[in-house]
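Some notes on the structure that comes next.
The values are calculated or read from the model by the stated rules, or taken from the named source; none is laboratory data. All values reported here derive from a predicted model rather than from experimental measurement. As a convention, Cβ positions derive from the backbone with ideal geometry for all residues, glycine included, and neighbour counts pool all protein chains shown.
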Amino acid sequence: MSDPMRTVLVTGCSSGIGRAIALLLAQRGYRVLAGVRRLQQAEQFSDSGLPNLEPVILDVTKEADVAQVVDLLRQTCPQGLFALVNNAGMGLPAAVELSTLDETRQLLEVNTLGPLRMIQSCLPQLRIARGRVINMSSMNGTVVMPMVGVYSASKFALEALSDALRMELQPWQISVSVIRPGQVRTSIFAKARESLDAHTQEIPDQLRNGYGVLYARAGKFNDRGANSLTSPETVARTVLRALEAKHPRPYYVVGLDARGLQLAKSLVPQRIRDRVFSQVMRVLKPVQ
């Protein structure tokens, strides 16, 4: 059982991984501030039976929401913030050429600038407690595949920020860890399927011979992800390990597929990986 005075702020708790993290940490005795974007999402925690689980309205892209939560921390956590878990995120399965700048900007705002905003805003409270930062990345934050280029860009950037912060925050003994899951069985795949179906209809006719097969193949991989063996609870247990480790690791890899990609990255030359991924996605055939 953890120290009940330890407060952890978790973003993106409306469903999936974030909800699993919030519930597990509260069950372990942490005081959990669970960030959700809407009041209706906050109400889902009302029957948890966990008085130390407190939903807070928090859209990581809104300065006012972040400021309000930080003010709550100042008022209720004189001992400081033990940990910030940046879990909020979104996906954008699409070819890079067909990803609009508005979509790309929104993805970067949520996946990269959102965590940065949270870290910068929470650092005064983290310094008091000599706390921890945990950023939810992805194996796509280290390995790029077709149809996730923009998503990978957002996670690569988050990984770079995490690496720099881990060194820069050493004087205050604030650790920074990155979680790298593979595919996790959450509702993100249902949202991705809707996006894929909509974007498939928008492929320009002159590009359909090239991109049509790629989008169809991405749909099959998306559906496979919806049935992944890795559950949100598995990721939550990894977050707990990072919180309770005496010396947290810089990186935690979650899932057999993630470990496979990590092994491939370390052993297989980039050119061969490119060819294998292209073959899997069936994009090697020249367009006539």
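Please verify whether SER121 is surrounded by fewer than 21 Cβ atoms within 10 Å (Cβ to Cβ), under 19 Å from the mean Cα position of the chain (by Cα) and under 22 Å from LEU81 (Cα atoms), treating the condition exactly as stated. Give the steps one after another, and end with the answer.
Working: surrounded by fewer than 21 Cβ atoms within 10 Å (Cβ to Cβ): yes; under 19 Å from the mean Cα position of the chain (by Cα): yes; under 22 Å from LEU81 (Cα atoms): yes.
Answer is yes for this residue.
Could you pull out the residue among ALA242, ALA258 that is more than 21 Å from VAL143 (Cα to Cα) and either at pLDDT 95 or above or surrounded by 12 or more Cβ atoms within 10 Å (Cβ to Cβ) (or both)? First the steps, then the outcome.
Numbers: ALA258 fails: more than 21 Å from VAL143 (Cα to Cα).
Among ALA242, ALA258, only ALA242 is more than 21 Å from VAL143 (Cα to Cα) and either at pLDDT 95 or above or surrounded by 12 or more Cβ atoms within 10 Å (Cβ to Cβ) (or both).
For the stretch 180-206, give me each residue that is assigned to a helix (DSSP H, G or I) and in contact (Cβ under 8 Å) with a residue 24 or more places away in the chain.
Narrowing the stretch 180-206 to residues assigned to a helix (DSSP H, G or I): 188-201, 205-206.
Residues satisfying the conditions are ILE188, PHE189, ALA190, LYS191, ALA192, ARG193, SER195, LEU196, HIS199.
Restricting attention to the stretch 162-195, which residues are among the hydrophobic types (A, V, I, L, M, F, W, C) and either modelled with pLDDT under 90 or surrounded by 18 or more Cβ atoms within 10 Å (Cβ to Cβ) (or both)?
Looking only at the stretch 162-195, we keep the residues that are among the hydrophobic types (A, V, I, L, M, F, W, C), and these are 164-165, 167, 169, 172, 174, 176, 178-179, 184, 188-190, 192.
Result: LEU165, LEU169, ILE174, VAL176, VAL178, ILE179, VAL184, ILE188, PHE189, ALA190, ALA192.
Residues of the stretch 202-229 being surrounded by 15 or more Cβ atoms within 10 Å (Cβ to Cβ) and of a type in the set (S, T, N, Q), which ones?
If the condition is that a residue be surrounded by 15 or more Cβ atoms within 10 Å (Cβ to Cβ) and of a type in the set (S, T, N, Q), then ASN222, SER228 are the ones that fit.
If you check LEU24 against the conditions, is it outside any loop (DSSP other than H, G, I, E, B), touching a residue at least 12 places away in the same chain (Cβ under 8 Å) and either of a type outside the set (D, E, K, R) or crowded, with 17+ Cβ neighbours inside 10 Å (or both)? Break it down stepwise before answering.
Details: outside any loop (DSSP other than H, G, I, E, B): yes; touching a residue at least 12 places away in the same chain (Cβ under 8 Å): yes; either of a type outside the set (D, E, K, R) or crowded, with 17+ Cβ neighbours inside 10 Å (or both): yes.
Considered against the rule, which asks whether it is outside any loop (DSSP other than H, G, I, E, B), touching a residue at least 12 places away in the same chain (Cβ under 8 Å) and either of a type outside the set (D, E, K, R) or crowded, with 17+ Cβ neighbours inside 10 Å (or both), LEU24 comes out as yes.
Take GLY80 and decide whether it is part of a loop (DSSP other than H, G, I, E, B), among the small types (Gly, Ala, Ser), in contact with a helix residue (DSSP H, G or I) (Cβ under 9 Å, 6 or more places away or on another chain) and modelled with pLDDT of 95 or more. First the steps, then the outcome.
Values: part of a loop (DSSP other than H, G, I, E, B): yes; among the small types (Gly, Ala, Ser): yes; in contact with a helix residue (DSSP H, G or I) (Cβ under 9 Å, 6 or more places away or on another chain): yes; modelled with pLDDT of 95 or more: yes.
The answer is yes for GLY80.
Hey, can you tell me all the residues within the stretch 140-176 that are in contact with a strand residue (DSSP E or B) (Cβ under 8 Å, 6 or more places away or on another chain) and under 27 Å from ASN222 (Cα atoms)?
Passing the criteria: GLY141, THR142, LEU158, GLU159.
Could we say that ALA164 is under 18 Å from GLY12 (Cβ atoms) and out of contact with any Cys (no Cβ under 9 Å at 6 or more places or on another chain) here? Show your work before the answer.
Values: under 18 Å from GLY12 (Cβ atoms): no; out of contact with any Cys (no Cβ under 9 Å at 6 or more places or on another chain): yes.
It is false that ALA164 is under 18 Å from GLY12 (Cβ atoms) and out of contact with any Cys (no Cβ under 9 Å at 6 or more places or on another chain).
For the stretch 36-56, give me each residue that is surrounded by 11 or more Cβ atoms within 10 Å (Cβ to Cβ) and at pLDDT 90 or above. Steps first, answer last, please.
Filtering the stretch 36-56 down to residues surrounded by 11 or more Cβ atoms within 10 Å (Cβ to Cβ) leaves 36-37, 41-45, 48, 50, 52-56.
Passing the criteria: VAL36, ARG37, LEU50, ASN52, LEU53, GLU54, PRO55, VAL56.
Given the condition in contact with a Gly (Cβ under 8 Å, 6 or more places away or on another chain), of a type in the set (S, T, N, Q) and either at pLDDT 95 or above or under 26 Å from GLN270 (Cβ atoms) (or both), answer yes or no: does some residue in the stretch 104-115 qualify?
yes
Could you please give the count of residues in the stretch 27-44 that are touching a helix residue (DSSP H, G or I) at 6+ places or on another chain (Cβ under 8 Å) and assigned to a strand (DSSP E or B)?
5
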